[in-house]
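*Asks:* Following this message is one structure expressed as structure tokens.
The values are calculated or read from the model by the stated rules, or taken from the named source; none is laboratory data. Given the structure is predicted, the values throughout are model-derived calculations rather than measurements. Heads up, the Cβs are rebuilt from the backbone with ideal geometry, glycines too, and the neighbour counts pull from every protein chain shown. Surface areas here come from the heavy atoms of the whole protein model, side chains and all, with no ligands, DNA or RNA. Shrake-Rupley method; radii C 1.70, N 1.55, O 1.52, S 1.80 Å.
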Amino acid sequence: MASSTPALRIEGLRKTYKSGLIALHGIDLTVQAGEFFGLLGPNGAGKSTAIGIVAGLVNRTAGNVEIFGVDIAHDPAQARCLIGLVPQEFNFNQFERLDQIVAQQAGFFGVSWRVARERAEECLQAMGLWEKRKRPARELSGGMKRRLMIARALVHKPRLLILDEPTAGVDIELRRTTWELMEQINRNGTTVILTTHYLEEAESLCRRIAIIDHGRIVEDSDTQVLLAKLNVETFVVDPESPLQAAPELDGFVARRREDGRLEVDVERGRNLNELFAQLQARGIVTRSLRNKANRLEELFVRLVGKHEARETEATR
Ligand code: ADP
């Protein structure tokens, strides 16, 4: 069966830093063309190392990396042309004008100055920064600086855009605007790989997710499949009047939140009507019920915790 070339194929990728620390223990990962892919993991898991190797910024100890079929060891220049990287840190010259920052980047990829300026205009327009093009970057707000980083990463029309924690530390409103931008870029045909600490972000944006922990991939599947692995779901019950205490329920575990609402753990397959009936029998009228967001968080904690337990076991 013919299959299209993946956007990224990583095989047996290892990285040992000079200090002797093994950051990646031979990871395998494939990201299909057109996907919105999430690479998740706790701090120090190896996400930036993996991304750094893919983008040609960090040397690997062993393993292979192909970008759209181009081996980064055989043709690093072509591989680099296929990738746009948005690193965590703002690494542009704060004193330069936006149009210069973006157009110069296109110049690094061998584009003529005339084309570079056209591309810079396209990207600045797309990121809502065209009005500011003559201003030095230091005058931008944090959110605008992040968009400038994205504009610059897109100027050579990469087929794969890699964003390292693009919404770290930004407020919720700005985070949502960035989500929309990333979705739009992906809809236009660019494969997107995102690392994030915000599991809610991965849950709403990424169709596939890999979880990395201590330099090993501990999970790699469709987001929905991942979420379906949870056999307990937590619901938030909004009662007509705030509760003073959590009721004792038969077969459900309920906790009272500080705001007087209830959080109830419900095993997969259990009928919610039974929960309503029990609450009603205890004089609690449910005004609304919603699925608690961040179910991925529960899974994440569980997976990472499980792995840590295995590690401890193995080193005993
Ligand atoms: P993440 O991006 O998931 O937070 P990193 O890839 O930055 O993780 O780090 C993985 C591990 O490698 C960590 O233990 C980190 O301390 C170590 N590390 C990262 N960069 C270096 C470096 N330049 N030299 C030595 N160790 C490093």
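*Asks:* Kindly indicate the residue of segment 120-146 that is among the acidic types (Asp, Glu) and more than 12 Å from GLU96 (Cβ to Cβ) and also surrounded by the fewest Cβ atoms within 10 Å (Cβ to Cβ) among those meeting that condition. Steps first, please.
*Replies:* Let us first name the residues in segment 120-146 that are among the acidic types (Asp, Glu), namely 121-122, 131, 139.
Narrowing further to those that are more than 12 Å from GLU96 (Cβ to Cβ): 121-122, 131.
Numbers: GLU121: 15, GLU122: 16, GLU131: 10.
Within segment 120-146, the match that is surrounded by the fewest Cβ atoms within 10 Å (Cβ to Cβ) is GLU131.
*Asks:* Could you give every pair whose Cβ atoms fall below 9 Å, whose first residue belongs to segment 63-80 and is acidic (Asp, Glu), and whose second residue is not in a loop (DSSP other than H, G, I, E, B), counting only separations of at least 6 or pairs across chains?
*Replies:* Hits for this filter: GLU66/LEU8; GLU66/ARG9; GLU66/ILE10; GLU66/GLU11; GLU66/ALA79; ASP71/ASN64; ASP71/VAL65; ASP71/ALA79.
*Asks:* Oh, and also: Search segment 40-54 for residues that are on the phi < 0 side of the Ramachandran plot and within 7 Å of the ligand (Cβ to nearest atom) and pair each with any residue that is of a type in the set (Asp, Glu) and open to solvent by 10 Å² or more (accessible area, probe 1.4 Å) when their beta-carbon atoms are under 7 Å apart and the residues are at least 6 apart or on different chains.
*Replies:* Short answer, once both residue conditions are applied: SER48/ASP164.
*Asks:* May I pose another question? Could you identify the single residue in THR61, THR30 that is within 16 Å of the ligand (Cβ to nearest atom) and surrounded by fewer than 19 Cβ atoms within 10 Å (Cβ to Cβ)?
*Replies:* Values: THR30 fails: within 16 Å of the ligand (Cβ to nearest atom).
After applying the criteria, what remains is THR61.
*Asks:* Looking at VAL232, VAL170, VAL225, which one is more than 16 Å from the ligand (Cβ to nearest atom) and open to solvent by 50 Å² or more (accessible area, probe 1.4 Å)? Before the answer, list the steps.
*Replies:* Values: VAL232 fails: open to solvent by 50 Å² or more (accessible area, probe 1.4 Å); VAL170 fails: open to solvent by 50 Å² or more (accessible area, probe 1.4 Å).
The unique qualifying residue is VAL225.
*Asks:* Just one of ILE162, ILE150 is under 25 Å from CYS81 (Cβ atoms), more than 16 Å from the ligand (Cβ to nearest atom) and not polar (S, T, N, Q); which is it? Write out each step before concluding.
*Replies:* Working: ILE162 fails: more than 16 Å from the ligand (Cβ to nearest atom).
Result of the check over ILE162, ILE150: ILE150.
*Asks:* Hey, among ARG270, ARG255, ARG176, which residue is open to solvent by 50 Å² or more (accessible area, probe 1.4 Å) and either part of a strand (DSSP E or B) or touching a helix residue (DSSP H, G or I) at 6+ places or on another chain (Cβ under 7 Å) (or both)? Break it down into steps so the answer makes sense when it comes.
*Replies:* Details: ARG270 fails: either part of a strand (DSSP E or B) or touching a helix residue (DSSP H, G or I) at 6+ places or on another chain (Cβ under 7 Å) (or both); ARG176 fails: either part of a strand (DSSP E or B) or touching a helix residue (DSSP H, G or I) at 6+ places or on another chain (Cβ under 7 Å) (or both).
Only one candidate passes the filter, namely ARG255.
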